[in-house]
Amino acid sequence: MSSLKFMLSIFSFFPLLLFGHGDDLHTQKQNTVDKRDAVYESINADYLRDIRPIFEKKCFDCHSNKTKFPWYYKIPGIKHMIDYDIKKAKKHIDMSDDFPFISHDIPLMDLKSIKKVVSENDMPPFRYVLGHWDSRLNEDEKRVIINWSEKSILKLINSSYK
């Protein structure tokens, strides 16, 4: 009888092994925030005015649904590499629908991540820069993005949103 209990406990534990991660594959998902909230509206208004024009030129090819594919996109191998890079980039953060972004994190962490990436010159990846010489942020663009992210982080923290 104890072997039967053992087998039953194994079978009852099996779903936990199968879905132990909550069935969450860390794919992109729409943040569950009300974009009509005054704090998010304020951050998004600043984003639309000051940041989106920069992101459209420098980030949207990989981080949005508005990719402008280069002439060499259809070359086998290169097409696969570009598609893979875009899929990976959008899985991390997708800027297609303005702020708050579609991502695997909360808006506060997205802002902190953007600030860090811009401050440390981590984007765009070198492989992208090789084919897009003008894709790096200049000092003015960096300053504007960092200021916006810092101001937005403070708005979220002060309003107790995260």
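The values are calculated or read from the model by the stated rules, or taken from the named source; none is laboratory data. From a predicted model like this one, the values you see are computed outputs, not experimental measurements. In this analysis, Cβ positions are derived from the backbone assuming ideal geometry, glycine residues included, and neighbour counts consider all displayed protein chains. Ligands, DNA and RNA are excluded from the accessible area calculation, which covers all protein heavy atoms including side chains. Shrake-Rupley method; radii C 1.70, N 1.55, O 1.52, S 1.80 Å.
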Of the residues in the range 72-114, how many are farther than 22 Å from Ile43 by Cα and outside any helix (DSSP H, G or I)?
3
Residues being open to solvent by less than 90 Å² (accessible area, probe 1.4 Å), in a helix (DSSP H, G or I), in contact (Cβ under 8 Å) with a residue 24 or more places away in the chain and more than 21 Å from Leu48 (Cβ to Cβ): count how many of those fall in the range 115-162.
5
Has the range 76-89 got at least one residue that is modelled with pLDDT under 95, surrounded by 12 or more Cβ atoms within 10 Å (Cβ to Cβ) and under 27 Å from Lys155 (Cα atoms)?
yes
